[in-house]
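Computed from the coordinates by the stated procedures, all read-outs in this text should not be read as laboratory data. These figures come from a predicted structure and were not determined experimentally. Please note: Cβ atoms are built from the backbone with ideal geometry, for glycine as well, and neighbour counts cover all protein chains shown.
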Amino acid sequence: MSAAPPIFLFTDFGSADLYVGQVKSVLHGAAPASAVIDLLNDAPNFAIAAAAHLLDALVTRLPVPAVTIAVVDPGVGSARAPVALEADGRWFVGPDNGLLSVIASRSRRNRCFSLESIARPDSVSFHGRDLFAPAAAAIARDAADFLKHPAKARLDVELGSADLSRIIYIDHYGNAMTGVRASSVDRRSCVRTSGHVIPYARVFSDVPAGEVFWYENSIGLVEIAANRASASVLLALEHDAEIAFA
């Protein structure tokens, strides 16, 4: 008998707030054999496109099979649909608002299923706990049985497969990740953003302390950083700032 797949959490619920614990409580009761792992609970608030690109960069290193609860959902309780997506052997549950669509568009094969048939959640404002966590647990327990849910021809909201030329996440070091995959960028190029021109370096120690550069980060994205300093402070970078290459 194979081990139960792990369940990952990717949300904008906040690591310090009470929401993640409630989701984990449901998962502990409904899928006790699955490890529950925090992928990120501090995704930029309400930023669906940024989160979609960040999620895509993170999940390529997750095991197959795995189940991810992905919730950046400013439209919770509205007419937007809940959905489950299977892409290249990994499962995702979340709102059909574009959050899962970058993964879908870049996958080799995918299929999606409506969660409308799941019992009405207790709360209209906390589908992460009351709808997506039970769905993720059901998939982790028996993905084959879950396939009985109604299939959807495609996601309702599709952002496409193109990179996002914006800053999508700033970590606590002050490094600014972008939605651009570094494999597509010439290392002779400079990043232009917020009035600054930023050259490439391979790694932090290749530049003097306090100097700003861009590099390919550990999840394959173009990231603006500084050696032993905060690039976001030095350059006054903000989430969603546009970037370009020259």
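Summary table
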item: Region 164-245 shape via C-alpha gyration tensor axes, a/c threshold 1.5; result: rounded
item: Shape of region 1-140, Cα gyration tensor, a/c cut at 1.5; result: rounded
item: Assigned charges on the beta-carbon of Lys, Arg, Asp, Glu; the chain dipole about Cα centre (debye); result: 600 debye
item: Shape of the chain, Cα gyration tensor, a/c cut at 1.5; result: prolate
item: Protection-proxy order for peptides 196-208, 48-60, 172-184, each taking the mean of Cβ atoms within 10 Å per residue, highest first; result: 48-60, 172-184, 196-208
item: Residue among Leu85, Phe8, Thr68 farthest towards the positive dipole end of region 7-152, charges placed on Cβ; result: Leu85
item: Helical mean residue ellipticity (222 nm; -39500 (n - 2.57) per DSSP H run of 4+; nearest 500) of the chain; result: -5000 deg cm²/dmol
item: Net charge contributed by nearby residues that have their C-beta within less than 10 Å of Ser232 (K/R +1, D/E -1); result: -2
item: Angle in degrees between helix 48-59 and the longest Cα principal axis of the chain, rounded to the nearest 10; result: 90 degrees
